[in-house]
Structures are given as structure tokens and as C-alpha cells.
1. Identify all residues within the range 70-92 that are under 16 Å from I142 (Cα atoms) and touching a residue at least 24 places away in the same chain (Cβ under 8 Å); write none if there are none.
2. Consider E79 carefully, then state whether it is open to solvent by 40 Å² or more (accessible area, probe 1.4 Å), at pLDDT 80 or above and of a type in the set (D, E).
3. Restricting attention to the range 48-64, does a residue exist that is over 20 Å from C121 (Cα atoms) and free of Cβ contacts under 8 Å to residues at least 60 places away in the same chain?
4. Within the range 1-35, take every residue that is under 16 Å from R51 (Cα atoms) and in a strand (DSSP E or B) and give me the one that is modelled with the lowest pLDDT.
5. Hey, could you check the range 101-137 for residues that are of a type in the set (D, E) and more than 15 Å from the chain's Cα centre (by Cα) and say which is least open to solvent (accessible area, probe 1.4 Å)?
6. Restricting attention to the range 22-45, report how many residues are farther than 19 Å from L101 by Cα, touching a Gly at 6+ places or on another chain (Cβ under 8 Å) and open to solvent by 50 Å² or more (accessible area, probe 1.4 Å).
7. Over 23 Å from G23 (Cβ atoms) and either open to solvent by less than 30 Å² (accessible area, probe 1.4 Å) or without any contact (Cβ under 8 Å) to a residue 60 or more places away in the chain (or both): does that describe E166?
Amino acid sequence: MSGWWQAEQALRDRPVRDVLVPGRLDRDDELPEFRPQPLAVWLRLDEGLLRFESVGPYDRLDAAVVRSVGWEDIGLLAEAEDEVIVASYGEQLFGDGRDELRCTQLRVHRSPGTDDTVCSCLALDFEGGQTLFLDPAWTFGIRIGNGSDEQHWLKLNGGGRTRTVELGAV
């Protein structure tokens with residue numbers, strides 16, 4: 001994960017306010033429909049954003065601290081014929097009505113046979129016990145899940161290798 005140290009530092013220093021997911025707004029039918037295309041996912045921090053992207057042959061997760069949401073470099077979104085918008089998923093994922101959450105721990109999981117620079121998927125634990133799991137190998141981009149999705153991935157991948165970083169309790 002090329003932005004591993006940036007991601008770790010950003011989550012150590014700043015609370016997370018939201019999870020943002022891009023997608024197409026399909027207006028072909030009577031009722032417009034949002035169709036998520038999570039090739040990138042942003043965590044909105046109190047200052048700036050942390051962008052996660054599915055890279056390689058869509059089997060690795062990359063991270064970078066960015067100033068704004070953008071998808072000019074993601075072909076499927078940049079060339080979409082439908083309108084592309086970003087939806088807020090934070091309340092749906094965390095569901096506790098808080099304005100911000102601190103990340104207390106992150107786990108970088110690596111598939112068997114990958115080197116130590118690769119992040120095959122990432123789990124972020126937040127105060128209050130919520131886990132956000134990001135798996136870039138999903139057919140439609142990054143699967144956004146929870147602790148049970150992390151356990152399922154570990155079972156499917158024989159446990160893999162994990163690097164755990166404690167970010168501190170709040």
C-alpha cells in the first residue's frame with residue numbers, strides 16, 4: 001500500500017466524519033437510481049480526505065491523503081455516460097448518529113504469497129466497536145463491509161498475514 005504511512009498518520013491524527021462512495025445516477029427510469037461504483041472510497045476527515053482505491057488487477061488497496069473528491073483518473077467513472085455523484089455511507093455503516101469517530105486500530109491483511117508492501121484488504125476499528133472492512137477484489141470495486149466480512153475474508157484466504165497498528169484509545 002503505497003500510502004500506508006500517510007493513511008496511518010491521517011487516521012492517528014484526525015477523526016473520521018463520513019464514508020463517501022462514488023456511483024452513477026441512472027435517470028433512465030421513472031425513478032432515478034444511484035448505482036454505486038466503489039472503485040475508490042473516501043473517508044472524510046475533519047480536515048481533508050483519505051482515498052482508498054482498488055489497484056493492480058483489482059487485488060490491492062492503495063491509499064492517499066487528498067484535498068478533494070475526484071475520479072478523473074478512474075476510467076469507468078471519468079468516462080461514464082450517466083451523471084456521477086458521491087453518496088454518504090457513514091450513517092449506514094456506523095449508524096450511531098455521531099458527527100465523528102476516531103479510528104483505534106487498523107489491520108492490513110495480505111493474501112498468502114504477497115510481499116509486505118501489498119495491502120490485500122484493510123480493517124479499521126472505530127471507537128464504539130464498529131469495524132469498516134475494505135476489500136478491493138470485489139467484482140464491482142471495493143467491497144465495503146464490517147467485522148463479519150473481515151472474518152469471512154480471513155477464512156477464505158487461510159488467515160493470510162496481518163499487520164496490526166494500534167492508533168490509541170480516545
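1. Listed by number, the residues that qualify are W71, I74, L76, L77, V86, A87, S88, Y89, G90.
2. On the way: open to solvent by 40 Å² or more (accessible area, probe 1.4 Å): yes; at pLDDT 80 or above: no; of a type in the set (D, E): yes.
In short, no.
3. Here is the first cut: in the range 48-64, the ones over 20 Å from C121 (Cα atoms) are 48.
Filter once more, keeping what is free of Cβ contacts under 8 Å to residues at least 60 places away in the same chain: 48.
Within the range 48-64 (the criterion being over 20 Å from C121 (Cα atoms) and free of Cβ contacts under 8 Å to residues at least 60 places away in the same chain), the answer is yes, since at least one residue qualifies.
4. The qualifying residue modelled with the lowest pLDDT is G23.
5. Restricting attention to the range 101-137, the residues satisfying the condition of being of a type in the set (D, E) are 115-116, 125, 127, 135.
Filter again for more than 15 Å from the chain's Cα centre (by Cα), leaving 115-116, 127.
On the way: D115: 87, D116: 111, E127: 40 Å².
Within the range 101-137, the match that is least open to solvent (accessible area, probe 1.4 Å) is E127.
6. Going through the range 22-45 one residue at a time, the tally reaches 3.
7. Values: over 23 Å from G23 (Cβ atoms): yes; either open to solvent by less than 30 Å² (accessible area, probe 1.4 Å) or without any contact (Cβ under 8 Å) to a residue 60 or more places away in the chain (or both): no.
No: the conditions fail for E166.
Here's the yes/no breakdown for (1) modelled with pLDDT of 90 or more; (2) assigned to a strand (DSSP E or B); (3) aromatic (F, W, Y); (4) closer than 25 Å to G23 by Cα:
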position: E91; (1), (2), (3), (4): no, no, no, yes
position: D96; (1), (2), (3), (4): no, no, no, yes
position: Q105; (1), (2), (3), (4): yes, yes, no, no
position: H109; (1), (2), (3), (4): no, yes, no, no
position: C119; (1), (2), (3), (4): no, no, no, yes
position: G128; (1), (2), (3), (4): no, no, no, no
position: F133; (1), (2), (3), (4): yes, yes, yes, yes
position: I142; (1), (2), (3), (4): yes, yes, no, yes
position: H152; (1), (2), (3), (4): yes, no, no, no
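The values are calculated or read from the model by the stated rules, or taken from the named source; none is laboratory data. Worth saying up front: this structure is predicted, and the values here are computed from it rather than measured. Backbone-built Cβ (ideal geometry, glycine too); neighbour counts: all protein chains shown. The accessibility values were calculated without ligands, DNA or RNA, using every heavy atom of the protein model including side chains. Shrake-Rupley method; radii C 1.70, N 1.55, O 1.52, S 1.80 Å.
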